[in-house]
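A.B. asks: Structure provided below as structure tokens; questions to follow.
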There are 2 protein chains.
Amino acid sequence: MPSYTAPVKDMQFLLHDVLQVSASDVAGYADLDASFTSAVLEEAGKVASDVLAPLNASGDREGCHLENGVVRTPKGFKAAFEAMKQGGWTALDCDPEYGGQGLPYLMGTAVGEIFVSANMAFNMYQGLTHGAYSAIHTHGSPEQKAMYLPKMVSCDWTGTMNLTEPHCGTDLGLMRTRAEPQADGSYKITGTKIFISAGEHDLADNIIHLVLAKAPGGGEGTKGISLFIVPKFLVNDDGSLGNRNAVSVGNIEDKMGIHANATCVMNYDGATGWLLGDLHKGMRAMFTMMNEARLGVGLQGYAIAEAAYQNALGYAKDRLQGRDVTGVKNPSGPADPLIVHPDIRRALMDQKSFVEGARAFTFWAANMIDKSVRSGDEAAEGLVSLLIPVLKGFQTDRGFEMAVQAQQIWGGHGYIEDNGMSQFVRDARIAQIYEGANGVQALDLVGRKLAQDGGKHVMAFFDLIKTFIKENDSDAMKPFTEPLKKASKDVQAAAMFFMNNAMKTPNAALAGSYDFMLMMGHTCLGLMWAKIAKAALSAEGDADFLAAKLTTARYYMARQLPATALHLARIESGADPVMALPEEAF
Amino acid sequence: MPSYTAPVKDMQFLLHDVLQVSASDVAGYADLDASFTSAVLEEAGKVASDVLAPLNASGDREGCHLENGVVRTPKGFKAAFEAMKQGGWTALDCDPEYGGQGLPYLMGTAVGEIFVSANMAFNMYQGLTHGAYSAIHTHGSPEQKAMYLPKMVSCDWTGTMNLTEPHCGTDLGLMRTRAEPQADGSYKITGTKIFISAGEHDLADNIIHLVLAKAPGGGEGTKGISLFIVPKFLVNDDGSLGNRNAVSVGNIEDKMGIHANATCVMNYDGATGWLLGDLHKGMRAMFTMMNEARLGVGLQGYAIAEAAYQNALGYAKDRLQGRDVTGVKNPSGPADPLIVHPDIRRALMDQKSFVEGARAFTFWAANMIDKSVRSGDEAAEGLVSLLIPVLKGFQTDRGFEMAVQAQQIWGGHGYIEDNGMSQFVRDARIAQIYEGANGVQALDLVGRKLAQDGGKHVMAFFDLIKTFIKENDSDAMKPFTEPLKKASKDVQAAAMFFMNNAMKTPNAALAGSYDFMLMMGHTCLGLMWAKIAKAALSAEGDADFLAAKLTTARYYMARQLPATALHLARIESGADPVMALPEEAF
């Protein structure tokens, strides 16, 4: 069965040597000294290893069960959820006014990685609650906040997001769920929502559903959509639970992975709901949540890859098979460990350099979100808005591929469910799909974000890289800045190609959108590895640890970053190869 | 639930326009006129659509069950297996002397694709029997052939291959299963074998296990290994079944996919076996089977991708979501079908161009095997031996990726098991692992095949491409031959890099082996698309069909073949990035 150890040393290095958080002037960052963050991460690591990881495989095997309208989560989940609540983990980066601990989002992100690596399906129950918490926190009235937030911060009540319907996923304009206004200011919600993660379960006393629905007078398409709070149990004015609302689970899905998280069909049969935020502005309310939600899914991409990597590495060191061609390494044994073989190392280095680079990218983005939210830094906000689809799409694609590679190291044993490597692959797969399928992320990036605010944000991104390269013009940094410069040039050439062709042929940009997202992702990780190299060259401490960072950075530069040229070549082939075949000829 | 239609028109085009089989002087090919092959393929397609495909999802869901030493296959499998036998499908390319129909291997391959696409797990029962049949046919004594082959050709008895043990997969030198010679010329076989596909089941009266074991006096490592025939029921001289042999199933594995094929732990407790072929030459006997076995797995790679593609395409045409940015295509509907969106088309074109290219490569290789086996063509044999690891490794890797892409087109619905797209991904995954994990294919290619016979075969491969380009020096062919020339140059540069560095640094070649396998794969598919383009330019018939071939060829040239440059860049970065990190620093 797989094991998991939180990569605390790597995280500390990122926080303190690369991002230098405690020297930052972001509100709340001054408290993040190394001993504090180390204590938090170590403690989270213990919970992850001792409580969550042991339930990962058993939760996958048992899955969730629907019986008489009640969803039973796998054995052990209830106690583990209680432990998370008691430890205050659900409240970590929530508002102290509602019982939260008020830590920066960056710390919530680091702790989140640890929990996701240990048990992704379990962590979704609180992860979705956090998303619903944020929505109410941002858009709710004072009364709504007072009524719902304290219980959601503690996870006594959990939350959900209800967008998708059977006939509409990406295209929410097709939505059929209706909200009928009532005399008392509430609404009656009627419709069917699908793919509702944690829609029903036995971990909490109440479930607060946030539901997109069409209220009268809003017009066609997405314009008419509003967001509603629909609790499973109505809440009395004194905070006690009242009547059961007219919302029920119709079915739970049998999925490829994340079996331990109940994915529900939810039926709203005239359920009582209250408007959250402005009428007919539901999409806008959802969008303000989107950066955090997509960062959370991008995090899942590399967090699962980290867990898979740890177990691939353990196997590569233990399993004896074949001999090192340059000379026997384990003369007293019948064979050498797998890790002596160059192709096994290639796979391990692919995984390691991806996971560490993606972690840096994610922490850096979380840091930007803190700057934006806590310090009102508009440049940071613009950059995050540009890069979030990249982070989500690239990291979940590569994370899945790396989980597959980790499974591959186990050979035939990786295909056997008991060994747990298959679960990593099956679980990682969903992150490419939900919260906007990766093709939609690419569309968002190229179709919206590139040109947003006159292209200001992508120009800022190019400037950021240019400035970094200029400021780090040393011989020691050349092996990192030169490949980064090359990659950045490729991305700029692609953006130029879009600019020159998109007006005449919109499909010229859209046909290259996926490649653009991936080359942006590689370039972001290239930038991160250059930043890591810079920190490793100047930091003091464990020399072997710092040397390993430089070696891994060199690997990424040599073997991953050159992918930008391929993506550029594809983009520059234009729309024609993609669009030329008539539909009926497929 | 997924559906499947055999791509008979595409297959006919390959057989008659690209490979021009009936004009070939390979023994038996003269009979392969278009109406005959069409009749065979159409009929196979009917069996696939009507009998096998309907059992694919149900077989996955039900799986195999072990009860009291007996393995029960899923509902419907027994009747379907009977239908395959009655239709003569199991005997298609077997020796007429033993009841076979004597068709060329190429026809067996084409029919095999159809059956694998429809139901991979089911088809393995006869596929493995065919492998065991070939081993006995090649290495058996006349008595052994007479005793076993007729029943195996008819699939009244099925076969297995027993190589792997718990502690040894790739490194068979570590094998512990023993063979003790008996006075009557038989052997007592003792040991445990794992991952034995179809090791036990209820579809046949007897199961003929081929077992690798160490007999005394053979020396250390793989040298001491011999191959043995170990039937489940001993066979009397009159052909009737005798006593149960001391071989039993210990367990069946719970796997990620191919649930309907029983993967068994087999215990040999002094089971009676007979030597097949020469004593201590078991590895050599296995190797003669390997080309066909690996081609069969490489075929699974694209056959599953074909089935997944068909269902992704159907969904992309049916599912209404969003609007074409260049103008509404479905004004009477609430939205346009997915296929109008460039990124959906990109994914579909990736899949289509891979599947058709891989089919061409596989048919071409099967044709080479026929030339080698039926006409003693040594050049063909050398080329096949070089390219088989490419065909297996590249096609199963890309086939898996394409199944993932097909699943992605279904969005969230692709993650739901009921829709069947997940099964394609889970089933396709095994093909990258078994019959030599793909890293081992890369090692075989670079560590053995490149230098084999003084590098003769790889030189022949380069010559083949050069000659093709020279012979097709027309303006119409330039869009295909130019990219092929570029890719071929990249491969030659990589081979040159290995030659210049491998003597001094063996790891310089091994660290690049996987990339070399993939770039060879792309180049082979590039060659195939150039051949297809040539045929499409000169063939007569359905103009739309031929135009689609040219369009798809252009897509492969523009968007896939340029990958060779990336692989070359990685290879030329040498061993250092891959090997520099000390083991303890991982």
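The values are calculated or read from the model by the stated rules, or taken from the named source; none is laboratory data. Every value quoted in this text rests on a predicted model; they were computed, and no experiment measured them. No Cβ is skipped: glycine too gets one built from the backbone with ideal geometry, and neighbour counts run over all protein chains shown. Accessible surface areas use protein heavy atoms only, side chains included; no ligands, DNA or RNA. Shrake-Rupley method; radii C 1.70, N 1.55, O 1.52, S 1.80 Å.
A.B. asks: Specify, for chain A, the residue whose C-beta is closest to the rotation axis mapping it onto chain B, with the distance given in whole Å.
C.D. replies: Residue nearest the A-to-B axis, with distance in whole Å: A:LEU566, 2.
A.B. asks: Taking only C-alpha pairs under 8 Å that are 6+ residues apart, what is the relative contact order of the stretch B:158-280 in percent?
C.D. replies: Reported relative contact order: 31 percent.
A.B. asks: Normalising by the residue count of chain A, find the relative contact order in percent from Cα pairs under 8 Å and 6+ residues apart.
C.D. replies: It rounds to 13 percent for chain A.
A.B. asks: To continue, here is another question. Sorted from shortest, what are the nm distances separating the label point of A:ASP238 from equivalent points in the other copies, each placed 7 Å from Cα along Cα to C-beta?
C.D. replies: 9.2
A.B. asks: Carbon-plus-sulfur fraction of the accessible area of the stretch A:479-586, 1.4 Å probe, in percent?
C.D. replies: 56 percent
A.B. asks: Counting only other chains, what is the mean number of Cβ atoms within 10 angstrom of the Cβ of each residue in peptide B:283-294?
C.D. replies: 0
A.B. asks: Let me ask you something else. Provide B:LEU163, B:LEU391 ordered by accessible surface of protein heavy atoms (probe 1.4 Å), highest first.
C.D. replies: Details: B:LEU163 45, B:LEU391 0 Å².
I get B:LEU163, B:LEU391, largest accessible area first.
A.B. asks: Just reorder A:LYS75, A:LYS534 by solvent-accessible area, largest first, 1.4 Å probe, all chains present.
C.D. replies: Working: A:LYS75 165, A:LYS534 85 Å².
In descending accessible area the options line up as A:LYS75, A:LYS534.
A.B. asks: If you find the alpha carbon centre of the stretch B:92-170 and of the stretch B:465-503, how far apart are they in angstrom?
C.D. replies: Taking the Cα centre of each part, the stretch B:92-170 and the stretch B:465-503 sit 37 Å apart.
A.B. asks: Determine how many Å³ per residue the convex hull of the Cα atoms of the stretch A:223-360 encloses. Before the final figure, lay out the partial values.
C.D. replies: Values: hull volume 28.9 nm³, N = 138.
Spread over its residues, the Cα hull of the stretch A:223-360 gives 209 Å³ apiece.
A.B. asks: Less than 14 Å apart at the alpha-carbon level, and either on another chain or at least 8 residues along: which aspartates and glutamates does that give for B:LYS75?
C.D. replies: B:ASP60, B:GLU62, B:ASP202
A.B. asks: Defining the label point at 7 Å along Cα→Cβ, can you sort the distances from A:ALA547 to the same site in each other copy, shortest first, in nm?
C.D. replies: So the label point of A:ALA547 gives 6.4 nm to the other copies.
A.B. asks: Any chance you could list the semi-axes, whole Å, largest first, of the equivalent ellipsoid that the Cα gyration tensor gives for the stretch B:309-457, using √(5λ)?
C.D. replies: Result for the stretch B:309-457: semi-axes of 40, 17, 12 Å.
A.B. asks: Using a probe of 1.4 angstrom, how much of the accessible area of the stretch A:8-139 is carbon and sulfur, in percent?
C.D. replies: The C+S portion of the solvent-accessible surface of the stretch A:8-139 is 51 percent.
A.B. asks: Distance between Cα centroids, the stretch A:224-290 to the stretch B:1-51: provide it in whole Å.
C.D. replies: 54 Å
A.B. asks: Provide B:PHE233, A:PHE516, B:PHE287 ordered by accessible surface of protein heavy atoms (probe 1.4 Å), highest first.
C.D. replies: Ranked from most to least accessible, the order is B:PHE287, B:PHE233, A:PHE516.
A.B. asks: Can you give the alpha-carbon Rg of the stretch B:158-280 over 2.2 N^0.38 Å, where N counts its residues?
C.D. replies: Taking the Cα Rg and dividing by 2.2 N^0.38 Å, one obtains 1.04.
A.B. asks: Let me ask something else. Ratio of alpha-carbon Rg to the 2.2 N^0.38 Å globular estimate for the stretch B:275-320, to two decimals, please.
C.D. replies: 2.08
A.B. asks: Taking only the alpha carbons of the stretch A:94-166, what extent do you get along each of the three principal axes, in Å, biggest first?
C.D. replies: Principal-axis extents of the stretch A:94-166 (Cα, largest first): 38, 36, 20 Å.
A.B. asks: How much accessible area per residue does chain A have, in Å², with a 1.4 Å probe?
C.D. replies: On a per-residue basis, chain A sits at 35 Å².
A.B. asks: Okay, moving on. Tally up the carbon and sulfur contribution to the accessible surface of the stretch A:158-280 as a whole percent, 1.4 Å probe, everything protein left in place.
C.D. replies: The C+S portion of the solvent-accessible surface of the stretch A:158-280 is 46 percent.
A.B. asks: Now for a separate question. Past the 32 Å Cα-Cα mark, which pairs from A:LYS188/A:LYS392; A:LYS371/A:LYS485; A:LYS85/A:LYS255; A:LYS329/A:LYS486; B:LYS46/B:LYS281; B:LYS352/B:LYS449?
C.D. replies: A:LYS188/A:LYS392; A:LYS329/A:LYS486; B:LYS46/B:LYS281
A.B. asks: Using protein heavy atoms only (no ligands, DNA or RNA), what is the total accessible area buried between B and A, 1.4 Å probe, nearest 100 Å²? Let's see the in-between values first.
C.D. replies: Details: alone 24030 and 24020 Å², together 40650 Å².
Separately minus together, B and A give about 7400 Å² buried.
A.B. asks: Calculate the radius of gyration of the Cα atoms of the stretch A:8-139 to one decimal place, then report Dmax, the largest Cα-Cα distance, as a whole number, both in Å.
C.D. replies: 16.2, 55
A.B. asks: In bins 20 Å wide, starting from 0, what share of all Cα pairs of chain A does each bin hold, as a percent?
C.D. replies: 20, 54, 25, 2, 0
A.B. asks: Related question: Using only alpha carbons, build the gyration tensor for the stretch A:452-576 and give me the equivalent ellipsoid semi-axes, biggest first, whole Å.
C.D. replies: For the stretch A:452-576, the semi-axes come out at 32, 15, 10 Å.
A.B. asks: Tell me the distances, shortest first, between B:ALA493 and the same position across the other copies, using label points 7 Å along Cα→Cβ, in nm to one decimal.
C.D. replies: Here B:ALA493 shows inter-copy label distances of 1.4 nm.
A.B. asks: Let me see the pair-distance distribution of the protein assembly as shown: every alpha carbon pair, 10 Å bin width, integer percents in order.
C.D. replies: 2, 10, 19, 23, 21, 14, 8, 3, 0, 0
A.B. asks: May I have the pair-distance distribution P(r) for the stretch B:21-72, computed from all Cα-Cα distances with 10 Å bins from 0 and rounded to whole percent?
C.D. replies: Result returned by the calculation: 20, 25, 22, 18, 14, 1.
A.B. asks: Applying the Karplus parametrisation 6.51 cos²θ - 1.76 cosθ + 1.60 with θ = phi - 60° to the phi angles of the stretch A:481-487, what ³J(HN,Hα) value in whole Hz is obtained for each residue in order, glycine and proline being reported as x?
C.D. replies: 6, 5, x, 5, 4, 4, 5
A.B. asks: Here's another thing I want to ask about it. Could you work out the per residue convex hull volume over the alpha carbons of the stretch A:375-517, in cubic angstrom? Could you put the intermediate results ahead of the total?
C.D. replies: Values: hull volume 23.2 nm³, N = 143.
With only Cα atoms used, the stretch A:375-517 gives 163 Å³ per residue.
A.B. asks: Pairwise over distinct Cα atoms, reciprocal of the mean inverse distance: report the Kirkwood radius of the stretch B:357-413 in Å, one decimal place.
C.D. replies: In the stretch B:357-413 this quantity evaluates to 12.8 Å.
A.B. asks: Considering only DSSP beta bridges with both partners in chain A, what is the antiparallel share in %, to the nearest 5?
C.D. replies: DSSP beta bridges in chain A are roughly 85 percent antiparallel.
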